[in-house]
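The values are calculated or read from the model by the stated rules, or taken from the named source; none is laboratory data. The model shown is predicted, which means the values in this text are computed figures rather than measured ones. For neighbour counting, all protein chains shown are included, and Cβ atoms are generated from backbone atoms with ideal geometry for every residue, glycine included. To get the accessible areas, we keep the full protein, side chains included, count just its heavy atoms, and leave off ligands, DNA and RNA. Shrake-Rupley method; radii C 1.70, N 1.55, O 1.52, S 1.80 Å.
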Amino acid sequence: MAQPSVVECGSEAAGARRGVVVIGAGPYGLSVAAHLRAAGVAVRVFGEVMGSWRHVMATGMFLKSAPQATDLAAPAPGGRLADFCRQAGLPELTELTPIPSDLFVRYGTWFANRFAGEVEDTRVAWLNRRRDGGFHLVLDDGAHLQADAVVVACGLRPLAHVPRVLADLAPQGTGPRSPVSHSSDHSCLSGYAGQQIAVVGGGQSAMESAALLHESGALVEVLVRGTRARWGQKPTLHRPLGQRIAHPASPLGPGWALSALCRAPAAVGQLPAPARLWLMRRALGPSGAWWLRDRVEGVIPVRTDAPIRHACLQDGKVRLVVGDAGAELTVDHVLAATGYRIDVDALPFLASGLRSAIARIPGSKAPQVTASFEASVPGLYFTGSMAAPTFGPMLRFVAGTHFAAVTITRHLARQRRRSRTT
């Protein structure tokens, strides 16, 4: 078979600078690409537009974030969710309006067409460093290309976490057809009608998955590790001045602590590593959205203080032992809505040599990045959730796209200007 041709990144001729590759076409990838293009930086974007949002969130799900915290970062006015809704003739969204996931996908697609330019719907299969300091990439269609810099903005799917006690039941990997699946494995939950399902977790994904399963005819029980199920508070559209001072609004919720994390992610990045990791674990605990509570509480059994102690297969079903008292539960399927773990080693496209060269934050498997989102490997950037252990929990949400896109673009544009003068 003939060897694939080498493709230069960007429109510049061979021998010129090769530009930037963005891996991922979700909110962070699209936002970074939009800012780079506006700054005149040659960029190619690879991935399915809003791919994780299309496939990881089950049909019928809503975003937990309020509309004001769900804008992608446009380099010019006119790119907010509200702008899209107005152009599409949709009603105005408020904090009391849960956003359907399919509406957000439509918004992201509109944003990509308007600001991000061409997005190549193909996957990066392999990424490695070049001897000249650039990068060599191979696409899943076999094509090769080179880039001066790479921004990793991939979705959460590779980072899905299933507790070992459950993962051992599915040695070939979790999925809808195995005894155990992760919530990110599903784009539809209606196929479990009539089955007994244990949903593991206490956050939004667990509670909304349980509601959808119940409403599809499944027999559901939720197992929460903590002492109680937590729910967000219904927002008040017009808060008195005293409340606004005592509990200032922020994209992550009301309160001075959350407001500080959102206003100063760069300052969070200057904290010692243990403090930043503590913030990641404690700043926002698992909880369900306020609008979901009536679909779960008093409708679906929710068992608290119920960590899974043991799990095994028995007669085609899953037998669970939960809690300190060792209560037993037998179900047809276990849905692990147990979140994601930031882990460089989980990214399948990184060449082994490149992976080992990426420094990690002490005490974690997250990449150590600079104030410009650059990893220890020059020219390699991580954004979105991969950068949250550095800049704080806002980077786990769409609200962090503006800070990330502006910061990365400023640094890459400066690098580009320097290269032209040398």
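Numbers at a glance
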read-out: Rounded to whole Hz, the Karplus (6.51, -1.76, 1.60) HN-Hα couplings of the stretch 256-262, x for glycine and proline; value: 5, 5, 5, 4, 5, 4, 7
read-out: Shape metrics for the stretch 37-86, restricted to C-alpha atoms - Rg then Dmax, Å; value: 13.9, 39
read-out: Taking N as its residue count, the alpha carbon Rg of the stretch 206-306 over 2.2 N^0.38 Å; value: 1.35
read-out: Dimensionless Rg over Rh [the stretch 84-143; C-alpha; Kirkwood]; value: 1.23
read-out: When the stretch 92-222 is reduced to its Cα atoms, the Kirkwood hydrodynamic radius in Å; value: 18.6
read-out: Accessible surface of the stretch 298-422 [probe 1.4 Å, protein heavy atoms]: carbon and sulfur percent; value: 49
read-out: Choice from Arg228, Arg106, Arg37 with maximal GNM fluctuation in the chain (Cα, 10 Å cutoff); value: Arg228
read-out: Label zone at Asp343 (point 7 Å along Cα-to-Cβ), backbone N below 20 Å, the stretch 121-149; value: 126-127
read-out: Other-chain or far-sequence residues with amide H under 5 Å of Trp126's (modelled H); value: Val138
read-out: Cα-projected label distance for Glu118 with Ala76, points at 7 Å along beta-carbon direction, nm; value: 2.0
read-out: Cα pair distances exceeding 15 angstrom across the stretch 334-398, given as percent; value: 52
read-out: Derived scalar couplings ³J(HN,Hα) [the stretch 216-222; Karplus, 6.51 cos²θ - 1.76 cosθ + 1.60; whole Hz; x for Gly, Pro]; value: 9, x, 7, 9, 10, 9, 9
read-out: Under Karplus coefficients 6.51, -1.76 and 1.60, residue-wise ³J(HN,Hα) of the stretch 107-124 in Hz, glycine/proline x; value: 4, x, 5, 4, 4, 4, 5, 7, 10, 8, x, 5, 10, 8, 7, 8, 9, 7
read-out: Equivalent ellipsoid semi-axes, the chain, via Cα gyration tensor eigenvalues times 5, rooted, Å; value: 37, 26, 21
read-out: Thr227-Asp332 pseudo-label distance in nm [points 7 Å out on the Cα-to-Cβ vector]; value: 3.7
read-out: Cross-link partners of Lys234 among lysines (Cα-Cα below 30 Å; sequence separation of 8 or more within a chain); value: Lys64
read-out: Nonlocal amide H pairs with His182, under 5 Å, H built at 1.01 Å; value: Gly175, Ala336
read-out: Fluctuation leader among Gln243, Gln68, Gln233 - the chain, Gaussian network, Cα springs under 10 angstrom; value: Gln243
read-out: Nonlocal amide H pairs with Leu219, under 5 Å, H built at 1.01 Å; value: Gly194, Gln195, Gln196, Ile197
read-out: Rounded D (µm²/s) - the stretch 255-354, Kirkwood Rh over Cα pairs, Stokes-Einstein at 20 °C, 1.002 mPa s; value: 118
read-out: Over the stretch 251-303: Rg over Rh, Cα atoms, Kirkwood Rh; value: 1.15
read-out: Heavy-atom accessible area per residue - the stretch 350-419, 1.4 Å, Å²; value: 34
read-out: Centroid-to-centroid separation of the stretch 233-293 and the stretch 322-336 [C-alpha atoms, Å]; value: 33
read-out: Linear extension gain, Ile245 paired with Ala193, 0.36 nm per residue minus alpha-carbon span; value: 13.9 nm
read-out: The stretch 113-177 and the stretch 37-102: distance between their alpha carbon centers, rounded to Å; value: 22
read-out: The stretch 212-262 - Rg (one decimal) and Dmax (whole number), Cα, Å; value: 16.7, 46
read-out: For the stretch 305-422, alpha-carbon Rg and Dmax in angstrom; value: 21.1, 71
read-out: Of Arg123, Arg396, Arg309, the one that fluctuates the most in a GNM where the chain has Cα springs shorter than 10 Å; value: Arg309
